[in-house]
Amino acid sequence: MAAIILGWNPRLWNDWNYEAVIEQVAETGQFLERWNVGQHRKIQPGNQAWLLLQGGGPHGRGLIGHSVVMSESYEVPQSTEPKGIARYVSVAFDALLPLGGQIPSSVLSREVPDVAWNRFRGSGRSIPSSSEPALQRVWREHGPAASEPFQTVPGPTRKEPSAALKRTATSGTLKPAASAWLSTERPVPHAPSPSK
């Protein structure tokens, strides 16, 4: 699995100050957060994660951000979940659009038709690998780089992995670097320690 969608419906969850998060990403290059991915277990560190604004709010639906997964999925007790637990991943957001500035579902449906952008709910589902190049192209054309050329566009156009990732000597896969765990990440009860 190379890329997933993180769903964000501000009517159901809005425990962050999104404008402050955008500002932190602009100043520091990243914002660390944990994200509920339902029961999805195959998510790995280094996967790309695209933030999809969901729900029927005043801003509409659409692609609003990009991040990199920093951890394997882990369980967190939740009284609101049917099985009493939810799975989370830690992610590092590296590019975000303001509310109202997201790439609309109509553009996504036209340019990346293999994903049901208007019906997509929840988080953690993978994007078909054949759709990833088109999604990255749409982000380059309509995302932060289109209006702010100094920002890096995520995806294979990067020549080096994020500073928060390192390659393991044996497998060549990307893993979180110890320095990736910043104080901006909220503590997770019963979650594995970041050094694992």
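Each label was represented as a point 7 Å from its Cα along the Cα-to-Cβ direction; for GLN44 and GLU27 these points are 3.6 nm apart.
A crude spin-label estimate for the pair ASP114 and LYS83, with each label 7 Å from Cα along the Cβ direction, gives 2.8 nm. Legend: calculated FRET efficiency, ASN17 to SER130, from the Cβ-Cβ distance at R0 = 35 Å, rounded to 0.05, equals 0.45. Modelled spin labels at GLU141 and VAL107, positioned 7 Å past Cα toward Cβ, are 0.9 nm from each other.
Readers should treat all values here as calculations from the given coordinates under stated rules, not as data from a laboratory. Source: prediction; values computed, not measured. No Cβ is skipped: glycine too gets one built from the backbone with ideal geometry, and neighbour counts run over all protein chains shown.
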